[in-house]
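Right, one structure below, let's go through it.
The values are calculated or read from the model by the stated rules, or taken from the named source; none is laboratory data. Keep in mind that what you see is a predicted model, and the values were worked out from it rather than measured. Positions of Cβ are backbone-derived with ideal geometry, glycine not excepted, and every protein chain shown enters the neighbour counts. Note: accessible area is taken over every heavy atom of the protein model, side chains too, but ligands, DNA and RNA are not part of it. Shrake-Rupley method; radii C 1.70, N 1.55, O 1.52, S 1.80 Å.
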There are 2 protein chains.
Amino acid sequence: MVKIRKEKIKIRRIDYLPARQVTFSKRRRGIFKKAEELSILCESEVAVIIFSQTGKLFDFSSSSTKDVIARYKSHTGEKSNQSMLDQLQLEKENTIRLSKELEDKTRKLRHLKGEELQDLDLDELQKLEKLVEASHGRVMETKEKKIMSEIMALAKKGDELVEANNQLKQRMVMLSARGDIGPAAIMELENLNNGGEEGVTSESATNVTTSSNSPLSLEDDCSDILSLKLGLP
Amino acid sequence: MVKIRKEKIKIRRIDYLPARQVTFSKRRRGIFKKAEELSILCESEVAVIIFSQTGKLFDFSSSSTKDVIARYKSHTGEKSNQSMLDQLQLEKENTIRLSKELEDKTRKLRHLKGEELQDLDLDELQKLEKLVEASHGRVMETKEKKIMSEIMALAKKGDELVEANNQLKQRMVMLSARGDIGPAAIMELENLNNGGEEGVTSESATNVTTSSNSPLSLEDDCSDILSLKLGLP
DNA sequence: TCGCCTATTTTTAGGAT
DNA sequence: AATCCTAAAAATAGGCG
């Protein structure tokens, strides 16, 4: 029963481990008690979460710690785990749906390419054949239209070039008439631009408008034309 | 400076609202202070979450309430919001990837069906045409094979039926020879089974094995045959 | 709502078990 | 680690501004 002097302790880390552990235990209980009292006295919801230095978890709650945490999260504007789970579920269903669609399309694509036909019955094969035939027709048609329009574009460009050429030549002639350059240079130009043809002169420069190309029957097979790469936009 | 008698309070709901509010405020600060002291004295992580009766949130934490909550959740085996977010992100990327693939396949499918060809260039159109042609060939081939095999199956079934029929007739003849049924019934049977043909009798019943069908040239267009629905497995 | 006051209750440091 | 003891420290009920 020896009474020992005590003095107020400083709020700083307790260095002596056993003392620290004891204090932790005592004060922890103290806080939990206070928390409970507060929740009862004032009808409030209280949660206390404590991790000891060793990582051990101690928690108290007037109701359920998880509930209080959920309420805390909704208060701080965070999405709850539940709504997150819902979203995840939705995304997964989405993925499954997309996968199914993809599988279906992949299958159809194979069939249209003439692959894996063995799992089609006669009826389906007939429909597929009709489809492929129709498709072939449209592809041919589109291709021919495209070829025509590209040839037109080429022809137009050619005409424009001829026109530009003629205007250039006209200028050259005028310049040579004024003695700025010699006639030899003009000859050189003409040979460079139309190899072997009769020289296009200024008088025919205005009526090079339409259908000046070679005749082309697009009704026939024109795979030889197709094979040349048309470098137009 | 009048000294007033005080007595220990009971831990039960404080009915008088103003007193309750004051107590809430005082004790709340008390708990927070204790919590802080504990965290410092014992180097522990502490979080206190309090909801007042009016729904107002008060929280204290030695570090960050969210961190403590995350630690709490990982301790109680729940998935953290973060890992959930990661998962969600992953799913979303998955969805985007699938959507892109789907779009691509849809496009290709359209082209193979001869739709939306205008956004193909000449080169692509040519490749597509080749593909469709090849596909058409394979579809035709497969269809013909299928038709052949179905006809074979039909023929086989037919032969089996004829065979069964003959055996049945043979029995009938034997039965009639024993006087169990009259000859009129046999005639009736024969007329029912082969309308107009000469009666198939027991002596031809054993050699109905192969190629007893009508001649069919499958090399030609056989769309008229295709149109009849073959109800075989 | 807050701070201040003060008598009283409650908590707790330190020791011992 | 928990519990008891005790004196000192801290918290706080109730009142007042």
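Side notes on the structure shown:
- Residue check, B:K56 within 16 Å of A:I69 (Cα to Cα), within 16 Å of DNA strand C (Cβ to nearest atom), surrounded by fewer than 18 Cβ atoms within 10 Å (Cβ to Cβ) and more than 8 Å from chain A (Cβ to nearest Cβ): yes
- All positions within region A:28-41 that are more than 9 Å from DNA strand D (Cβ to nearest atom), surrounded by 19 or more Cβ atoms within 10 Å (Cβ to Cβ) and not small (G, A, S): A:I31
- Test: residue in region B:104-113 that is out of contact with any Leu (no Cβ under 7 Å at 6 or more places or on another chain), away from DNA strand D (no atom under 16 Å from the Cβ) and open to solvent by less than 60 Å² (accessible area, probe 1.4 Å): yes
- In the set (1) within 14 Å of DNA strand C (Cβ to nearest atom); (2) exposed (fewer than 14 other Cβ atoms within 10 Å of the Cβ); (3) among the polar types (S, T, N, Q), the condition left unmet by A:T76 is number (1).
- Residues of region A:81-98 that turn out to be open to solvent by 50 Å² or more (accessible area, probe 1.4 Å) and either within 7 Å of chain B (Cβ to nearest Cβ) or not in a helix (DSSP H, G or I) (or both), as a count: 2
- Within region B:3-18, not a single residue is within 24 Å of A:I69 (Cα to Cα), aliphatic (A, V, I, L, M) and near DNA strand D (Cβ under 9 Å from one of its atoms).
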